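J.: Provided herewith is a single structure, encoded as structure tokens, for subsequent inquiry.
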Amino acid sequence: MVKQIRPAIVMIIAMTIITGLAYPLGMTGIAQLAFPHQANGSLVEKDGKVIGSELIGQNFADDKYFHGRPSATTEADPNDATKTVPVPYAADNSVGSNAGPTAKALVDRVIEDAGKLKAENPSQPIPVDPDITPAAALFQVARVAKARGLAEEQVQRLVVAHVEDRLLGVIGEPHVNVLKLNLALDGLASRK
């Protein structure tokens, strides 16, 4: 019996070392060498200070900024731990709401969001996409230009300059990183 147990134990230890230690450390090392920016969270810095990540949305509520896609994140209510409250773009909870298309709370939120967007730009159809597309950014140009006192053409050029194309020309869809675009807007305003 020892003849059978000993190889099993050795194999468990060997596979634990290989798959639980060597492989993760090796992949981490390769990622740090080949893709250090991405391996460290795709962090965005301004004036030497980390202000966010390219991968996690942030809450830009002011009219002078482009707004990202709607956020469904919640956190525990500080006044009542048995309830939750909306906390847009909570980085520690960046997951979907899991609300189905017939959930009343989701339907009410979508109707409210659509009403706000329609009031913002009544002559345009509302772009719907899980990410901010070039169309979603261009939809907001008039509001941002007005709030910043800039020409719409100038803001539109900035949006077009920040459109990131498909990876390798085929993977994904063109998109606009809201954080980078808003930082470029702030930079544009500071050059005036």
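The values are calculated or read from the model by the stated rules, or taken from the named source; none is laboratory data. Nothing here was measured: the structure is a model prediction, and the numbers come from that model. Cβ atoms come from the backbone with ideal geometry, glycine included; neighbour counts cover every protein chain shown. Only protein heavy atoms, including side chains, enter the accessible area calculation; ligands, DNA and RNA are left aside. Shrake-Rupley method; radii C 1.70, N 1.55, O 1.52, S 1.80 Å.
J.: Only one of (1) at pLDDT below 80; (2) closer than 29 Å to Val159 by Cα; (3) exposed (fewer than 15 other Cβ atoms within 10 Å of the Cβ) is not met by Lys49, so which one is it?
T.: Going through (1) at pLDDT below 80; (2) closer than 29 Å to Val159 by Cα; (3) exposed (fewer than 15 other Cβ atoms within 10 Å of the Cβ) one by one, Lys49 breaks only (1).
J.: While we're on this one: Would you say Ala22 is in a helix (DSSP H, G or I) and either open to solvent by less than 80 Å² (accessible area, probe 1.4 Å) or of a type in the set (D, E, K, R) (or both)? Full working, then the answer.
T.: Working: in a helix (DSSP H, G or I): yes; either open to solvent by less than 80 Å² (accessible area, probe 1.4 Å) or of a type in the set (D, E, K, R) (or both): yes.
Judged against the criteria, Ala22 is a match.
J.: What do you reckon, is Glu153 outside any strand (DSSP E or B), modelled with pLDDT under 90 and of a type in the set (D, E, K, R)?
T.: Values: outside any strand (DSSP E or B): yes; modelled with pLDDT under 90: no; of a type in the set (D, E, K, R): yes.
No, not satisfied.
J.: Among Ser94, Ser71, which is open to solvent by less than 50 Å² (accessible area, probe 1.4 Å), within 29 Å of Leu185 (Cα to Cα) and either out of contact with any Lys or Arg (no Cβ under 7 Å at 6 or more places or on another chain) or modelled with pLDDT of 70 or more (or both)? Can you show your working first?
T.: Working: Ser94 fails: open to solvent by less than 50 Å² (accessible area, probe 1.4 Å).
Just a single option satisfies the conditions, and that option is Ser71.
Yes/no per residue for (1) touching a Leu at 6+ places or on another chain (Cβ under 6 Å); (2) touching a residue at least 60 places away in the same chain (Cβ under 8 Å); (3) under 30 Å from Pro86 (Cα atoms); (4) not charged (D, E, K, R):
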site: Ile5; (1), (2), (3), (4): no, no, no, yes
site: Met15; (1), (2), (3), (4): no, no, no, yes
site: Gly26; (1), (2), (3), (4): no, no, no, yes
site: Gly29; (1), (2), (3), (4): no, no, no, yes
site: Gln32; (1), (2), (3), (4): no, no, no, yes
site: Val44; (1), (2), (3), (4): yes, yes, yes, yes
site: Leu55; (1), (2), (3), (4): no, no, yes, yes
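J.: Taking Ile126 and the conditions (1) modelled with pLDDT of 75 or more; (2) open to solvent by less than 80 Å² (accessible area, probe 1.4 Å), which numbered condition does it fall short on, given that it satisfies the others?
T.: With (1) modelled with pLDDT of 75 or more; (2) open to solvent by less than 80 Å² (accessible area, probe 1.4 Å) applied to Ile126, the lone miss is (1).
J.: Still on this structure, please answer the following. Which pairs turn up if I take residues in the range 154-177 that are on the phi > 0 side of the Ramachandran plot and look for partners that are not small (Gly, Ala, Ser) with beta carbon separation below 7 Å, at least 6 apart in sequence or on another chain?
T.: Every condition considered, the pairs that remain are Gly172/Arg166.
J.: Does Ile30 satisfy the condition of being within 30 Å of Lys180 (Cβ to Cβ) and assigned to a helix (DSSP H, G or I)? So that I can check it myself, show each step before the final result.
T.: On the way: within 30 Å of Lys180 (Cβ to Cβ): yes; assigned to a helix (DSSP H, G or I): yes.
Criteria met by Ile30.
J.: Give just the number: which of (1) over 30 Å from Leu185 (Cα atoms); (2) modelled with pLDDT under 90 does Tyr23 not satisfy?
T.: (2)
J.: Give the range 18-73 a look and list any residue that's out of contact with any strand residue (DSSP E or B) (no Cβ under 8 Å at 6 or more places or on another chain) and on the phi > 0 side of the Ramachandran plot, or say none.
T.: Asp47, Gly48
J.: Check whether at least one residue in the range 103-110 is open to solvent by less than 60 Å² (accessible area, probe 1.4 Å) and modelled with pLDDT of 80 or more, and report yes or no.
T.: Checked against the condition, which is being open to solvent by less than 60 Å² (accessible area, probe 1.4 Å) and modelled with pLDDT of 80 or more, the range 103-110 yields no hits at all.
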